[in-house]
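Please treat every number below as a calculation from the coordinates, not as lab data. The shown structure was predicted, so the numbers you read here are calculated from the model rather than taken from an experiment. Cβ sites come from the backbone with ideal geometry, for glycine too, and all protein chains shown count toward neighbours.
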Amino acid sequence: MNMKYIGIMLLLVFLVVISIIYYNTMLKKENGIKNALSSLDVMFKRRNDLIGNLVSVVKGYMKYESKTLERLISARLNYNNIKDAFAISDSISNDIKSVLALGESYPELKANEQFLSLQNALVEAEDLISAGRRTYNAHVTNFNNFISFFPNLIFAKLFNFHKYALFNINEELKKGRIYYENEK
């Protein structure tokens, strides 16, 4: 065989091996994102179940705070998929905090064991969601950075990998956070 053909064959084998390595790496990173997203979905569903229980317990005590309760019920009923949860997550968290703060205004509610148990479970659920958001965003940032750098971007386009969006806080909270950070 001619050395020219051997060189071309080696180059082709090298390109195939490199392509396989890049594809598998991108697929592994993308699967990390999907796993984090699936975990978040489970956490949101758990929070929704807890909200239903909380609403049942608090209903009898809430006379004047019915708008907050209605927003929670509506958010719980309108949950269809993870995208819905992303869109309304911050407002639900704020409404949950408002309902949990009612325990201070209603001593008999504060003494209710079921309310206290739900309060602890919701605080834990919110903490898990916060951690899940950080995990998801870390996976997304890692993946987006990987497919943005040369030569990875060539393989990303070749294999049709696209950037993922970060799970961001809503604009009102973001404005408050930016204001707070500028105060430092």
Subject >> Of Lys97/Lys163; Lys34/Lys97; Lys29/Lys163; Lys29/Lys97; Lys34/Lys163, pairs whose Cα-Cα distance is over 23 Å >> reply: Lys97/Lys163; Lys34/Lys97; Lys29/Lys97
Subject >> J(HN,Hα) series, the range 38-49, from Karplus relation 6.51 cos²θ - 1.76 cosθ + 1.60, nearest Hz, glycine and proline x >> reply: 5, 4, 4, 4, 4, 5, 5, 5, 4, 4, 4, 5
Original post:
Of the listed peptides 36-44, 12-20, what is their order by residue-averaged count of other C-beta atoms within 10 Å, with the highest listed first?
Top reply: 36-44, 12-20
**OP:** On a C-alpha basis, how far is the centre of the range 41-55 from the centre of the range 114-164 in Å? Whole number, if you could?
**Re:** 20
Subject >> Fewest-first ranking of Lys45, Lys4, using other Cβ atoms within 10 Å as the exposure measure >> reply: Lys4, Lys45
